Each structure stands twice: as structure tokens, then as C-alpha cells.
1. Output the pairs from Lys182/Lys238; Lys155/Lys226; Lys65/Lys182; Lys127/Lys278; Lys65/Lys140; Lys172/Lys313 with a Cα-Cα distance over 21 Å in this structure; if there are none, say none.
2. Taking 0.36 nm per residue of sequence separation and subtracting the Cα-Cα distance, how much length would be gained by fully extending the chain between Ala289 and Ser304, in nm to one decimal?
3. For segment 52-309, what is the charge dipole size about the Cα centre, in debye to the nearest 20, if Lys and Arg each add +1 at the Cβ and Asp and Glu each add -1 at the Cβ?
4. What is the packing order of peptides 142-151, 85-94, 56-65, taking the mean over residues of other C-beta atoms within 10 Å and listing the highest first?
5. Kirkwood hydrodynamic radius (Cα pairs, Å) of segment 69-225?
6. Rounded to the nearest 20 Debye, what is the dipole magnitude of segment 67-150 about its Cα centre when Lys and Arg each give +1 and Asp and Glu each give -1 at the C-beta?
7. Starting with the highest mean, order 295-306, 280-291 by the number of other Cβ atoms within 10 Å, averaged over the residues of each peptide.
8. Which entries of Lys183/Lys240; Lys250/Lys275; Lys60/Lys269 show an alpha-carbon separation above 25 angstrom in the structure shown?
Amino acid sequence: MSALCAVCGLRSRRFSAFMKLVGKTLGRTIWVSTIGALILCGAAIAQQPHTLTCDIRVHKNFHSKILDNDRDVLVYLPPGYDATKSRRYSILYLHDGQNLFDGATSFIPGQEWRVDETAQALIAAAKIEPLIIVGVYNNKDRINEYTPAADAKYKMGGKADLYGRMLVEELKPFIDAQYRTKKEARHTGLGGSSLGGLASLYVALKYSNVFGRVAVVSPSVWFANKQIVRYVDAQPKKPKVRIWMDIGTKEGRTGEEAQQAVNDARLLKETLVKKGWKVTKDLSYFEAAGAEHNEVAWAARVESILTFLFPRKM
């Protein structure tokens, strides 16, 4: 999760307080506060040990011509990748890459999703198929890149189409060329949390010929007046996309906010069902009792996410 996200309050626990503080000076305050947040986070991160495990390759400063920016990309390789040169693997792309594998780079220092440890254990136990996992770093434009439509109230968002093009036209071809991937949509997943959940569902439905599996984790359904619900409802036909979706029951500063987040997630789930997805078959919906909107909560669900999206046999 980016420092900008924290300052803007897109984590529900901080959102209301921040908006009251900012008032009508939103634009300038974001950038002033972001600098301070980055400095504070940087100091904390410097004190954290790295927690990367397994075989993870690092691609620094991957450049996107479409977005005109750079970002780091991490690639987790499954056990035995180098030993069997002919084998190809399914692949999962995850947003907010700095939060997935390493506590030293995560939004909350020391708290990461433990994707590498969890995937390694599940593969060893033959609970999921061996797969490649790509962590795509965010940047200062996270809010805009992860949202399909602009939010008129907060005057942010709306670059998910460009972000999706970056994934499909630039990053995926690069990864497919560098690693032994199974290129077909049925072997390719996309996932993320919060605004990353919005981006994942939006991009996967738009490019269902590219992504056949998607993890929609704690989606910020409220953004842009629930535009993601209208987008799903407007689908002319149900694409062949397998969906994991979840929400925590305490994702809010107050009980009322948390319940609204749950209600929004239920609305999105019901809209998917109306369009033809079937719960337990190609849609898994989970409400995590007592779970908040943070990396610790999401780390606890990685096993279930991977098991549903990439079972040993499907």
C-alpha cells in the first residue's frame, strides 16, 4: 500500500479523519503530507530486516511507455523451476508488489502478505499447482492507476485503462519472454487488495482473453459512487473468469463504516451472481470475521485465495 494511499485515507480507518482535516485544500495537502509520510516510512523501513524467501528474481525500474513511469517487479519462482527446463507454469500477477514478499519494503514495515512462504508450503503439500507469482510495485500514482473511473467528489482516479494496457501490452509480454509461463488466459491470474481489488476485477473482465482467474480482495467498492458495480452489471455476457472475492467485517473506522463495506461487497457479489457466476463453482465469496483492512488480514487469506484460484486439479 503506498504512502499516498495512507495520506489520502483510502484505508477506511484513516479516511474520515483525513478528509475532515483536509477540507477544501485536498490537492495541495496530499502532496505536502505525502512527502512527510514517505520520509517517516523510509526511516521505519530502513530498520526492518528483509524477509524475502525462496527463489525471487528482481527486475528494477521496469519502464512503461504507456504510463511513462517506472516500477520494480518481483518474480517468485516455484520449487524446481531451474531443474526442469521444459516445464511451463501458470502465473499470478499481484498489485502492490512491495507488500507481498518483504517486510522491509511493505507499507506497514514488517507486515507483508507472506505470499512466497505460503505458496512454497502449498506447493510442497501438493495443495496448489506450482506457479509463478509476479509482484508489480505501485508508485505515487497508485490511486489513479488502480481506479477505472474518476471520483467526482475527491477528484482522483480513472487511469485503470492505461494501467491495464501496461499489464497486457508491456509487462506480460516481458514476463512471458523471460520465464516459462503458460500464456493462455485459463492459466493467468490477476489480483490485489483495496483499490487493487477494483483494478483486478475491472482489468480481468476487460481482458478476459488474457486473465482467466482474479483475486478481488477487500475491494473499495465505494470509489466513484460504486462504478465497479455498474461496470459488472453492464457486461453483455459473462466471461470465463474464475473469481475469488472477500471482505473483512471490521474494515472501517466505525461499526457503521465497516458494515457499509460489507454491504458494498455483498452488492458486488450479488451483481456477479446475477450475471451468471455461481458461488463455490467459479465464484468464491468470503467474509473474514473480525478482519481489518491491512496486510496482516490479507496475509491470513493468501492460502485460501491460492487454493481456490490455482488448485492442484481444476
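Rule-based calculations on the coordinates, nothing more; no lab input. No experiment lies behind these values; they were computed from the predicted model shown. Reconstructed Cβ throughout: ideal geometry from the backbone, glycine too, with neighbour counts over all protein chains shown.
1. On the way: Lys182/Lys238 23 Å; Lys155/Lys226 15 Å; Lys65/Lys182 25 Å; Lys127/Lys278 23 Å; Lys65/Lys140 17 Å; Lys172/Lys313 24 Å.
Table pairs above 21 Å Cα-Cα are Lys182/Lys238; Lys65/Lys182; Lys127/Lys278; Lys172/Lys313.
2. Working: separation 15, 0.36 × 15 = 5.40 nm, distance 1.46 nm.
Length gained, Ala289 through Ser304: 3.9 nm.
3. Details: 37 positive and 31 negative charges, 232 e Å.
The calculation lands at about 1120 debye.
4. Details: 142-151: 22.0, 85-94: 17.7, 56-65: 13.1.
Averaged packing, sorted descending, gives the order 142-151, 85-94, 56-65.
5. Working: mean 1/r = 0.0623 Å⁻¹.
Its Kirkwood hydrodynamic radius stands at 16.0 Å.
6. Taking the Cα centre of segment 67-150 as origin, the dipole is about 360 debye.
7. On the way: 295-306: 20.6, 280-291: 15.0.
In descending order of packing, they fall as 295-306, 280-291.
8. Numbers: Lys183/Lys240 16 Å; Lys250/Lys275 28 Å; Lys60/Lys269 37 Å.
Pairs exceeding the cut-off: Lys250/Lys275; Lys60/Lys269.
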